[in-house]
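Working notes, structure below.
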Amino acid sequence: MTMACSRRLRRLRPGLTLLAALTVAATFALRGTLLATPPSPAGCHAASPLLAGPRPARPPPSPPTLAEIEMRNGALWSGGFYSPPGCQARHRTAIVIPYRSRLAHLRYLLDHLHPFLQRQRIHYGIYVVEQWGQGTFNKGILLNAGIVEVLRDADWSCVILHDVDLLAEDDRNTYTCDNYNPTHLSVAIDKFDYRLLYREYFGGVVALTPEQLRKMNGFSNQYWGWGREDDDLWKRVGLSGMKVVRPSVKVARYKMIKHERDPGNEENPHNFDVLKRTELDWRSDGLNSLSYKFLSKERKALFTHITIDVGEKQT
Ligand code: UDH
Ligand code: MN
């Protein structure tokens with residue numbers, strides 16, 4: 001290269017740099033319009049520009065089919081995983097749904113939850129943990145098994161335990177965890193007049209880090225049938241030196257899809273007696289004494305489906 005030529009190039013370089021910068025900016029602007037999330041090397045720190053705010057859930061008279069929901073959610077990876085385009089997500093949230101014979105509710109929830117979480121720009125995965133068979137439902141064992149299986153599956157920083165029939169009504173209710181304390185996300189449910197049912201209520205939708213779950217030893221495995229395993233969970237939080245935190249009642253709003261009590265999940269009066277023993281039992285009854293049979297794990301388009309045998313009713 002001659003001296004003159006290299007000098008000319010040097011003179012041109014600021015122009016070239018500007019041109020390159022404009023091209024990059026134009027590409028990002030285009031991607032920004034297409035994806036609505038301009039790339040930010042600093043991560044998805046700012047409040048998501050995609051949030052819609054308060055939006056009462058109005059599920060249609062019949063739920064959409066899984067194929068219809070799949071068509072509306074083209075950006076998912078197999079297994080129901082999602083990573084926001086254009087910025088580095090700060091949180092990795094696993095949603096764990098305890099499940100048996102509630103297909104209509106599951107279809108409503110998946111249709112609602114995927115776009116809801118994508119507006120929050122969270123890296124997430126949805127897991128449906130199904131209790132196999134017709135035996136007595138045991139939500140504690142099912143969720144403990146779900147926790148063990150999802151943490152074995154990927155490196156999640158937050159686990160959200162989510163009833164199948166609850167639809168969040170404000171996407172400012174962020175599906176992430178507090179670093180120090182378990183979070184109760186379903187504070188105001190329409191069925192209970194959008195008021196906290198009672199101070200110690202810690203059911204519905206709750207968010208905990210793997211560390212918090214280990215500290216409190218997960219759920220008790222001793223609650224067969226409906227009732228009180230959530231009250232036991234509340235006691236474990238306090239007994240392990242933590243407290244429950246809650247987002248504002250203004251944003252933590254949910255609609256519960258109407259339902260009857262399920263067959264195989266009848267109220268069990270014995271559960272009140274079990275609840276009297278939490279203080280004595282929580283250290284030895286929980287994740288560290290969990291026993292279940294893993295039956296299958298299947299990656300579906302909208303979720304990862306894990307099936308568990310919780311065993312026979314004990315009490
Ligand atoms: N579930 C199933 N199938 C069943 C039973 C339960 O999928 O056969 C799952 C499902 O995710 C459901 C959750 O377990 O949403 C809880 O059961 P539920 O919906 O019958 O509970 P409910 O609506 O809970 O009665 C409201 C709690 C308010 C009272 C709190 C008392 N501590
Ligand atoms: Mn319910």
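Which whole-number percentage describes the relative contact order of the range 189-304, with Cα contacts under 8 Å and a sequence gap of 6 or more?
Working: 98 pairs, mean separation 43.3, N = 116.
That works out to 37 percent.
If you restrict to DSSP beta bridges whose two residues both lie in the chain, what percentage is antiparallel, to the nearest 5?
Of all bridge pairs located within the chain, approximately 50 percent are antiparallel.
Measure off 7 Å from each Cα along the Cα-to-Cβ vector at residue 55 and residue 259, then give the distance between these two points in nanometres to one decimal.
The answer from the label model is 2.3 nm.
Sequence gap of 8 or more, or different chains, plus Cα separation below 20 Å: how many lysine pairs satisfy both in the chain?
Lysine pairs meeting both conditions in the chain amount to 17.
Cα axis of helix 139-153 to longest principal axis of the chain: angle in degrees, 0 to 90, nearest 10?
30 degrees
Just to confirm, what accessible area per residue do you get for the chain at 1.4 Å probe, in whole Å²?
Heavy-atom accessible area per residue stands at 50 Å².
Could you work out the mean projected area of the convex hull around the alpha carbons of the range 140-211, in square nanometres to one decimal?
With the hull built on Cα positions only, its mean projection is 5.6 nm².
I want to verify a result. In a Gaussian network model of the chain, Cα cutoff 10 Å, which of these has the top mean-square fluctuation: 94, 57, 207?
Result: 57 has the largest fluctuation of those listed.
Counting alpha carbon pairs within less than 8 Å and at least 6 residues apart, what relative contact order, in whole percent, applies to the chain?
Values: 599 pairs, mean separation 68.7, N = 315.
Normalised by residue count, the contact order of the chain is 22 percent.
Go through the range 118-126 residue by residue and turn each phi into a ³J(HN,Hα) via Karplus (6.51, -1.76, 1.60, θ = phi - 60°); whole Hz please, and just put x for glycine and proline.
Couplings: 5, 5, 7, 6, 10, 7, 9, x, 10 Hz.
Using Cα springs under 10 Å in a Gaussian network model of the chain, which residue among 119, 152, 100 shows the largest mean-square fluctuation?
152
Give the shape of the range 192-289 as rounded, prolate or oblate, defined through the alpha-carbon gyration tensor: a ≥ b ≥ c are the square roots of its eigenvalues, a/c under 1.5 means rounded, and otherwise the shape is prolate if a/b is larger than b/c and oblate if not.
Numbers: a/c = 1.97, a/b = 1.15, b/c = 1.71.
Since a/c reaches 1.5 but b/c is at least a/b, the shape of the range 192-289 is classed as oblate.
With a Cα-only, solvent-free Debye model of the chain, what are the log10 I(q)/I(0) values at q = 0.07, 0.11 Å⁻¹?
-0.32, -0.69
Could you tell me what percent of the DSSP beta bridges with both partners in the range 79-208 are antiparallel, to the nearest 5?
DSSP beta bridges in the range 79-208 are roughly 45 percent antiparallel.
For a quick check of your reading of the filter: which trypsin sites (Lys or Arg not before Pro) in the range 255-286 sit in a DSSP loop and have no more than 13 other Cβ atoms within 10 Å?
Within the range 255-286, the qualifying trypsin sites (Lys or Arg not before Pro) (loop, at most 13 other Cβ atoms within 10 Å) are 258, 261, 276, 277.
With +1 assigned to the C-beta of every Lys and Arg and -1 to the C-beta of every Asp and Glu, and no other charges, what is the dipole magnitude of the chain about the Cα centre in debye, to the nearest 20?
About 1940 debye.
Using only the alpha carbon atoms of the range 189-234, find the Kirkwood hydrodynamic radius as the inverse mean reciprocal pair distance, in angstroms to one decimal.
Final number for the Kirkwood radius of the range 189-234 is 12.1 Å.
What residue among 182, 98, 60 has the largest mean-square fluctuation in a Gaussian network model of the chain, using Cα springs under 10 Å?
Result for the chain, Cα springs under 10 Å: 60 fluctuates most.
Roughly how many percent of the accessible protein surface of the chain is carbon and sulfur, given a 1.4 Å probe and a whole-percent answer? Intermediate results must be reported in sequence, preceding the final value.
Working: 8920 of 15870 Å².
Looking at the chain in its full context, I get 56 percent from C and S.
The values are calculated or read from the model by the stated rules, or taken from the named source; none is laboratory data. As the structure is a prediction and not an experimental result, all values here were calculated from the model. Please note: Cβ atoms are built from the backbone with ideal geometry, for glycine as well, and neighbour counts cover all protein chains shown. Please note that ligands, DNA and RNA were not included when accessible areas were found on the heavy atoms of the full protein model with its side chains. Shrake-Rupley method; radii C 1.70, N 1.55, O 1.52, S 1.80 Å.
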